[in-house]
Amino acid sequence: MDPKGYSFLPRLVTAYRFSPTAVIRAMGVLGIVVIFGILCTQGDNRSVRQSRSAWGDLGDSEIDEYLSTERPLTEDFEVYTTDNGGVSRPPMKLLTLFTTFKPSKDRRNVYRSIIRNWGLMRPAVQPVLYATPDTDHSLSDYARQHGWDVYPVPRSNRFKTPFLKDMYLHAEKHYRTHFYGYSNGDLLFDQGLLDTLTDLHTALPHNRSMVVGRRTNYVLKDFDKDLEDLTTIKDFAAAQKERAESVRVFKAVAIDYFISNRGGVNWQKLPNFVIGRAGYDNYLIFFARKHCKAVVVDASRTIRALHLQGAGFKLTHRTSNDTDSKYNLRIIRSLREFKGPGQLIEQGNVNAAQLESRHRSGGIEFIPHRRNRSAKAVIETLHPVVL
């Protein structure tokens, strides 16, 4: 039993000029028993964490198996199970997760599924919709009905495409959570999102961090068909033969969600990139690593992100028909930080992350990324980390 975590008690007694004897008399036998029980629990938790045994690293061939295995969303995300089977409640919410919806009648059914899916993650996650003037009002109302907050997009370029950093700045100002994340509005998540962030907050409480990961493309045969009966990844997996043209893990250079801890990224210094246009995702990983000295975590193995799209990349944000399709690329070129597109992609894909997450008995751990040769050297500069 190690009461180190409760060393504040003698200082508290001294500060208020109470003698230890007087405190014990005031507390009585019941109070002493309660404190003793807490200290014992703390010691048990610590010993369990230290005795985790390894399952061994997951091979690439096992990723698909994990993606097809659903771990159901819990009913109350605010309750976290501790290592000894008890429960504890975090002092504040885990994540503020925000997005935008591109005006499109074709996307309406997809967006409604996303709204329901993210709504299931409350109260640990607070979903936020940043609505443009063209956003379908019925979607905004539907989002509110499922616990979302809805705000106008803070700022857009002259083509009415939202700036990324302004949404982060607005979210950090209006919400007090451990993490803040932007995701494309067509991504479904599972319990792995909550488990990964919870364990990351425990492992790296004093380091700047950003979580990214590969997505799985779920190509819908008919995206006009009603999706009201499909909300979770398990629902879509069960309906795969009927609804999906194909389901594949996508390449590492296209990233659709970025989750950073509070203060993990200096959003004020990020160039004025817009969402849904090529280049910003790769630059953001590079920016977090080089300019913010943040630890980038590839969570592809522990967070499933199911990307709902139509055949031929319909329903995606990126399209060459957009007037400002090269808006971000022009900004990146003007910065002169890369010799060419190849260098940007090399330094800005998920394999450039310093850490990757993986399942181990008792939870999720974070290890040097197996495809980043410089990862181990970077890890040595971190605050103590659970590996």
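Can we say residue 287 is closer than 21 Å to residue 96 by Cβ and without any contact (Cβ under 8 Å) to a residue 24 or more places away in the chain?
yes
Residue 223 - would you say it is of a type in the set (Phe, Trp, Tyr), touching a residue at least 24 places away in the same chain (Cβ under 8 Å) and closer than 23 Å to residue 370 by Cα? Step through it out loud before you land on a result.
On the way: of a type in the set (Phe, Trp, Tyr): yes; touching a residue at least 24 places away in the same chain (Cβ under 8 Å): yes; closer than 23 Å to residue 370 by Cα: no.
Answer is no for this residue.
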Cβ-Cβ distance below 6 Å, separation of 6 or more or different chains: which pairs start in the range 144-159 with a residue that is in a loop (DSSP other than H, G, I, E, B) and end on one that is of a type in the set (Asp, Glu) and modelled with pLDDT under 95? 159/324
Identify the single condition in (1) surrounded by fewer than 17 Cβ atoms within 10 Å (Cβ to Cβ); (2) of a type outside the set (Asp, Glu); (3) touching a residue at least 12 places away in the same chain (Cβ under 8 Å) that residue 139 does not satisfy, given that it satisfies every other one. (1)
Given the criteria free of Cβ contacts under 8 Å to residues at least 24 places away in the same chain and either under 24 Å from residue 95 (Cα atoms) or in contact with a helix residue (DSSP H, G or I) (Cβ under 8 Å, 6 or more places away or on another chain) (or both), does residue 199 qualify? no
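Yes/no matrix, rows are residues, columns are (1) modelled with pLDDT under 90; (2) more than 30 Å from residue 157 (Cβ to Cβ):
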{"site": "225", "(1), (2)": "yes, yes"}
{"site": "234", "(1), (2)": "no, yes"}
{"site": "248", "(1), (2)": "yes, yes"}
{"site": "253", "(1), (2)": "yes, no"}
{"site": "262", "(1), (2)": "no, no"}
{"site": "270", "(1), (2)": "no, no"}
Selected residue (criterion: surrounded by the most Cβ atoms within 10 Å (Cβ to Cβ)) from residues of the range 160-182 that are outside any helix (DSSP H, G or I) and out of contact with any Leu (no Cβ under 6 Å at 6 or more places or on another chain): 180
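The values are calculated or read from the model by the stated rules, or taken from the named source; none is laboratory data. Note that the structure is a prediction, hence the values are computed from the model and not measured. Here the Cβ is made from the backbone with ideal geometry for all residues, glycine too, and neighbour counts use every protein chain on show.
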